[in-house]
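The values are calculated or read from the model by the stated rules, or taken from the named source; none is laboratory data. These numbers come from a predicted model, not from an experiment. Cβ coordinates were reconstructed from backbone atoms using ideal geometry, including for glycine residues, and neighbour counts include every protein chain displayed.
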Amino acid sequence: MQNPILEVSNLKKYFDIRGGVLGRKVGEVKAVDDVSFTVHEGEILGIVGESGCGKSTTGKAILRLIEPTEGEVKFDGQDITKLTTEEMRKLRRDMQIIFQDPYASLNPRHTVEKIISEPLLIHGMGKAERKARVKELLEVVGLSSYHASRYPHQFSGGQRQRIGIARALANHPKLIICDEPVSALDVSVQSQILNLMESLRDQFNLTYVFIAHDLSVVKHISDRVGVMYLGRLVELTEKDKLYDDPKHPYTKALLSAVPLPDPDIEKERIILEGDVPSPSNPPTGCAFHTRCPMAMDICKQVRPTFEQVEVNHFVACHLYDEAVQ
Ligand code: SF4
């Protein structure tokens, strides 16, 4: 395993809830609450969870597209939460993001050439060089140089995501946060984009944090997978361990809903009762206790710590806490 390129420690992002005529703070939403993990160079770390679990906020807080409330984000050994806006602007060459909705993230009034050129222009590249780089990038993502003069609406969803990927690659980044990059695409197109992203990782030694709500998507592409629930990581391990031997009851429930490729194999579906609680008023103890089929008395009172229960397998659950058993 290579060195860690990204070390996230105790990351928190709380949003104030304001109310009354004076707009005073009346509470807070703990969108990301004490999340820690590392990502190694060339690795793809998948992060999954239901909508509202804090996975996208985690991705944006890592890039400081939204400012973290607390915690440390080390990129290449440097804590980037301490950098000035100007220092951060320079670093954005190395840290990029691909968004879920390629149409919303591409300016409809700009040609593809202008869209992909933008990050090159910001970093001072000349016109002729930019033109050549756009051509090269379009080819790298499986489009053609004649696409440069077209507008986003002239492309399919999959092609638009290829344009988004080309833009993210423009300045030779090291790390890309992929925020649900295939969720808005048809299943057949999803696998083409995933294959492209995987081959780009190999070609350019990229590192991805790949955020998705769909465990089957993450399985395809990740080396390790972290599962989030209500702003916290509840399980993190290598892909095969997670899919073959999930430990956390929430991961087990999520996996039970993933269809198997062989329709003759039946598996028991674990149906979770109730909705995800509000992060503005999370349950006491283990945040999952209101829906967990394995919940014990202690789960309502004591929050489980995120511990290594096997080699490279981290879980936050009292079922694996020897003191409780
Ligand atoms: Fe379920 Fe308790 Fe484990 Fe939480 S700590 S996941 S409630 S068994």
I'm checking my understanding of the structure. Among residues of segment 213-252 that are at pLDDT 95 or above and among the small types (Gly, Ala, Ser), which one is farthest from Asp94 (Cα to Cα)? Gly231
Can you name the condition, by its number, that Lys252 falls short on among (1) touching a residue at least 24 places away in the same chain (Cβ under 8 Å); (2) near the ligand (Cβ under 10 Å from one of its atoms); (3) under 24 Å from Ile44 (Cβ atoms)? (1)
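Only one of these is closer than 26 Å to Ala253 by Cα, of a type outside the set (Gly, Ala, Ser) and surrounded by fewer than 20 Cβ atoms within 10 Å (Cβ to Cβ): Glu50, Glu41, Glu7. Name it.
Numbers: Glu41 fails: closer than 26 Å to Ala253 by Cα; Glu7 fails: closer than 26 Å to Ala253 by Cα.
After ruling out the rest, the residue left standing is Glu50.
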Long-range neighbours under 6 Å by Cβ, at least six apart or interchain, first residue in contact (Cβ under 8 Å) with a residue 24 or more places away in the chain and among the basic types (Lys, Arg) within segment 296-325, second crowded, with 18+ Cβ neighbours inside 10 Å and assigned to a loop (DSSP other than H, G, I, E, B): none
Return the only residue of Lys25, Lys90, Lys30 being surrounded by fewer than 14 Cβ atoms within 10 Å (Cβ to Cβ) and either in contact with a strand residue (DSSP E or B) (Cβ under 7 Å, 6 or more places away or on another chain) or in a loop (DSSP other than H, G, I, E, B) (or both). Lys25
Residues of segment 259-310 being surrounded by 14 or more Cβ atoms within 10 Å (Cβ to Cβ) and away from the ligand (no atom under 15 Å from the Cβ), which ones? Pro279, Ser280
Give the residues of segment 168-218 that are over 24 Å from Val8 (Cα atoms), of a type in the set (Gly, Ala, Ser) and in contact with a strand residue (DSSP E or B) (Cβ under 9 Å, 6 or more places away or on another chain), sorted by residue number. Ala170, Ser183
For segment 113-134, does any single residue satisfy the condition of being more than 24 Å from Thr237 (Cα to Cα), at pLDDT below 90, among the β-branched types (Val, Ile, Thr) and more than 16 Å from the chain's Cα centre (by Cα)? yes
Taking segment 177-191 and the residues there that are in contact (Cβ under 8 Å) with a residue 40 or more places away in the chain and either assigned by TED's automatic domain parsing to the domain that holds Lys114 or of a type outside the set (A, V, I, L, M, F, W, C) (or both), the one that is surrounded by the most Cβ atoms within 10 Å (Cβ to Cβ) would be Pro181
